[in-house]
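What follows is a single structure, written as C-alpha cells, with notes after it.
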Amino acid sequence: MTGNGPVIELRGVGTRFGDRVVHRNLDLRIEAGQIVGLLGGSGSGKTTLLREILGLQRPDQGSVHLFGADLNDPDMQLQRHLRQRLGMLFQHGALFSALSVFDNIAFPLRELHAMDEDWIRRLVHLKLAMVGLDATHGPMMPAELSGGMVKRVALARALALEPELLLLDEPTAGLDPDRSQNFVELVGNLQRELGLTVVMVTHDLNTLAGLATHVAVLAEQRIAAFGTRDEIMTVDHPFVTGFFGADRRKLL
Amino acid sequence: MSETPRLYVEPGIVRLSGGWTLAEMLPNLASLQSALASAPDGDSQWDLSSVTRLDSAAAVLLWRAWGGTWPERLAVSDLHRQIIERVAALPREVAAPVMRRQHLPEIVGVEVLKALRNLRGMITLFGQLLLDCGFLLRHPREVPWREFSANVYKAGAQALPVTALVGFLIGVTISYLSALQLKTFGADLFIVNILGISIIRELGPVLVAVLVAGRSGSAMTAQIGVMRVTEEIDALSTMGISRSLRIVFPKIFGLTVAMPLLVLWTSAIALLGGMLAALLQLDLSLAYFIDNLPRAVPVANLVIGLGKGFVFGFVIAVVACYFGLHVKPNTESLAANTTSAVVTAITTVILIDAIFAILTRQIGVP
C-alpha cells in the first residue's frame with residue numbers, strides 16, 4: 001500500500017476567512033520518513049494548515065493529497081481508510097471526556113470491529129506503557145488528569161491505530177523540560193521503529209532540534225522556506241532569523 | 001503487493017513475510033489469526049527476517065501465538081525484536097477491569113441520597129440568594145441591573161412568540177372541544193366560565209412554566225455548566241466578582257419577574273383563541289364574551305394565576321442554576337445535569353401547582 005510517492009502533497013492551496021487571506025498558493029510536499037517541523041508566527045495559519053491536511057477543513061483553492069489520494073474524493077470507504085492511516089495529537093488533547101483513559105485509547109481499536117477484547121486490552125496497556133503511564137491510570141477520567149498526562153494519553157490514542165502519519169499540534173507545550181525531552185525521544189524512537197512520517201507544529205526550539213529532520217517555515221501566506229534543518233538555519237528570511245535569533249547555534 | 005503479511009508453515013519452521021501492521025492485516029485478519037493459532041509453537045523455529053514492518057498490534061498477536069514466551073529459535077531483526085520485547089515486558093495476564101454489580105436497594109438508596117443532596121443544595125442556594133439580597137440592600141450600587149435586564153429580555157421578551165403560538169392553539173382546542181359538549185346540553189353560554197377559569201387560573205401558568213423550563217431553564221443550566229467547564233466562573237471569582245451575585249442572582253430574579261408577564265400574555269392570547277373558536281362554533285359574539293368574562297371569572301383567579309407564574313419562575317431558575325453550578329467538567333455530566341434541570345423543574349412546578357390548587361380551593365370560585 002505504501003507507494004513511493006509523497007505522503008502529503010499540497011498544491012496551490014488557498015484559504016481565506018472572510019476578507020482575511022490565510023494561505024495563498026501554498027505548496028508543500030512531505031516524503032515518507034521525514035519529521036517536519038512547521039514553524040510560523042502566531043496566527044500565520046499553522047493550525048489551519050494541519051486541519052486541511054486532516055481533512056477537517058476544505059481549502060478554498062487547490063488540492064490536498066494524502067498517500068496519493070485526494071482528500072476530496074467522495075468515496076467514503078477510501079476516506080475512512082485514509083483516516084486510519086493517520087494519527088493526530090490535538091493541542092489540548094481532545095480526549096472524550098465521557099470515557100475513561102482506557103476507553104479513550106481503546107475507542108479507535110474497537111471501531112475497527114475486528115479485534116478481540118484481550119488483544120485490545122494488551123494493546124492499550126502497551127500504548128500506555130509507551131507514553132510512560134501504567135495500568136492504574138486506565139480507569140481515570142480525563143477530568144482527573146493533569147495537563148501533561150492528558151497530552152500523553154492523547155498521544156497514546158493517536159498511536160492506537162499504528163498510523164503511518166502522525167500530526168502533532170504543539171506536542172510539548174505545557175510539559176516540563178524533562179517530560180518534553182522524554183516525549184521527543186519517544187516520538188524519535190517510534191519514528192525509527194515504524195518509519196513514521198511526522199508533521200508537527202511547535203514553538204519549542206528543543207523539540208525542533210531534537211526531533212525534526214526537516215523544517216517548513218510558514219510566512220507571508222505560503223511556505224517561505226522548506227528544507228533540512230541545517231539548510232533552514234542558513235536561510236536569510238526575516239522570520240527565520242527572528243525566530244531562531246541567538247539560539248541558532250543551539251540547533252546546529 | 002509485497003507488503004501483504006504472509007505466513008508460511010513448513011516442517012519445523014514458521015516463516016513470516018511482508019508488512020505486519022494493523023492496516024495491512026485488517027483485510028484478512030481472520031485467516032491470519034487462525035493460521036497463527038494453528039502454527040506449531042514452542043520447539044519450532046520462527047523466521048521473521050523477511051518481515052518489512054512490524055507494529056505493536058502485530059507484536060501482541062505474535063506474542064499471544066507464542067503463548068507468552070520467546071520461541072527457542074527465532075530469527076528477527078534487532079528493530080523488530082525491540083518491539084516484541086516491549087510487548088514481552090507487559091504483565092503476562094492483563095486483568096480485565098472489574099465491573100461492580102449494583103443491587104436494587106443500592107440503586108434506590110443512591111437515588112434517594114442524591115435527591116436529598118440536591119434538595120439541600122437548593123436550600124443552600126436559596127440561603128445564598130437571601131444573603132445576596134441583604135448585601136444588595138446595603139450596597140445598592142452593586143445591583144447587577146444590566147445582567148438582570150438581559151435575562152428579562154432573553155427569558156421573557158424572546159419567549160413571547162412561542163408562548164403566544166402554543167397558547168393560541170391550546171385556547172382554540174379547549175374551546176372547540178368544550179363547545180361540542182356544551183351544545184348538546186344547550187349550555188353554550190358557559191363556555192365563558194370554562195375558558196376563563198381553566199386558562200387564567202390553571203392552563204396559562206402551567207403551560208408557560210413547562211415551555212420556559214424547556215426553553216430558558218435548560219439554557220441557564222447549559223450556560224452555567226459550560227462556564228464551569230471552561231473555568232470562566234473561576235476567572236470571575238479571581239477578579240473578586242461573586243458568581244452568585246453576577247450569574248445566579250440576575251438569572252433567578254430575571255425569570256421571576258418575566259414569568260408573571262409571560263403568563264399574562266399567554267393567558268390573553270389563549271383566551272383570544274378560545275373566543276375565536278367560540279365565535280365560529282357557537283356563534284358567540286366577541287363583545288358578549290368580553291362583557292361576561294369579569295362576571296364569570298372573579299379577579300382573584302387572575303391574581304392566583306400571576307402568583308403561580310411568579311413562584312414557578314423562581315423555582316425553575318433556582319433548579320436550573322443549581323444543576324448548572326454542579327456540572328462536572330465533562331460532556332456527560334453537562335448532558336445529565338441539563339436533563340435533570342428540566343425534568344426536576346417541570347416536576348416541581350406541577351407539584352407546587354397541586355399545592356396551590358388545594359390551598360386556594362375556596363378562593364375565586366363564583
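Computed from the coordinates by the stated procedures, all read-outs in this text should not be read as laboratory data. Model, not experiment: these values are computed from the prediction. Ideal geometry is used to build each Cβ from the backbone, glycine not excepted, and the neighbour counts take in all protein chains shown.
Kyte-Doolittle mean at least 0.5 and Cα extent at least 20 Å along the axis: which DSSP H helices of chain B qualify? Result, helices passing both filters: B:104-138, B:160-185, B:249-282, B:299-325, B:331-359.
How would B:CYS321, B:CYS133 line up from fewest to most surrounding beta-carbon atoms within 10 angstrom?
On the way: B:CYS321 26, B:CYS133 11.
So the ranking, lowest neighbour count to highest, is B:CYS133, B:CYS321.
Long hydrophobic helices in chain A, taken as whole DSSP H segments with a C-alpha length of 20 Å or more on their own axis and mean Kyte-Doolittle hydropathy at least -1.0: A:177-194.
When DSSP beta bridges are limited to those with both residues in region B:6-88, what percentage is antiparallel, rounded to the nearest 5? Before the final figure, lay out each step's value.
Numbers: 5 of 15 bridges.
Antiparallel: roughly 35 percent of the beta bridges in region B:6-88.
So which trypsin sites (Lys or Arg not before Pro) in region B:154-241 pass both tests, a DSSP loop state and at most 14 other Cβ atoms within 10 Å of the Cβ? Answer in residue order: no site qualifies. With the charge dipole of region B:79-184 set up from +1 on Lys and Arg Cβ and -1 on Asp and Glu Cβ about the Cα centre, the Cα lying farthest toward the positive end among the listed residues B:GLY121, B:PHE168, B:LEU104 is that of B:LEU104.
May I ask you to list the trypsin sites (Lys or Arg not before Pro) in region B:61-142 that are in a DSSP loop and have at most 16 other Cβ atoms within 10 Å of their Cβ?
Numbers: sites: B:ARG64, B:ARG73, B:ARG81, B:ARG86, B:ARG92, B:ARG100, B:ARG101, B:LYS114, B:ARG117, B:ARG120, B:ARG138, B:ARG141; in loops: B:ARG92, B:ARG100, B:ARG101.
Counting only loop positions with at most 16 other Cβ atoms within 10 Å, the trypsin sites (Lys or Arg not before Pro) in region B:61-142 are B:ARG92, B:ARG100, B:ARG101.
Calculated mean residue ellipticity at 222 nm for chain A: -11000 deg cm²/dmol, from DSSP H runs with n ≥ 4 weighted as -39500 (n - 2.57), summed, divided by the residue count and rounded to 500. Dividing the C-alpha radius of gyration of the protein assembly as shown by 2.2 N^0.38 Å, with N its residue count, gives 1.34. Only Cα pairs under 8 Å and 6+ residues apart enter the sum, and on that basis the relative contact order of chain A stands at 25 percent.
Nearest-5 percent of antiparallel DSSP beta bridges in chain B? Please report the intermediate quantities before stating the final value.
Working: 5 of 15 bridges.
Roughly 35 percent of the beta bridges in chain B run antiparallel, per DSSP.
Shown for A:ASP236, A:ASP103, A:ASP27: other C-beta atoms within 10 Å of each C-beta, ranked fewest to most, produce the order A:ASP236, A:ASP27, A:ASP103. Projecting the Cα atoms of B:ALA35, B:SER77, A:THR234 onto the dipole axis of the protein assembly as shown, where Lys and Arg carry +1 and Asp and Glu carry -1 at the beta carbon, places A:THR234 farthest toward the positive end.
Would you mind working out the magnitude of the charge dipole of region B:141-230 relative to its Cα centre, with +1 at each Lys and Arg C-beta and -1 at each Asp and Glu C-beta, to the nearest 20 Debye?
Details: 7 positive and 4 negative charges, 51 e Å.
Value, rounded to 20: 240 debye.
Spatial offset of region B:128-175 relative to region A:90-152 amounts to 45 Å, using the alpha carbon center of each.
Counting only DSSP H runs of at least 4 residues, each contributing -39500 (n - 2.57), and dividing by the residue count of chain B, the helix-based mean residue ellipticity at 222 nm comes to -22000 deg cm²/dmol.
Ordering B:346-357, A:127-138 by mean Cβ neighbour count within 10 Å, with the highest value first, yields A:127-138, B:346-357.
Percent antiparallel among DSSP beta bridges with both residues in the protein assembly as shown, to the nearest 5?
Numbers: 25 of 53 bridges.
Counting only bridges with both partners in the protein assembly as shown, antiparallel ones make up about 45 percent.
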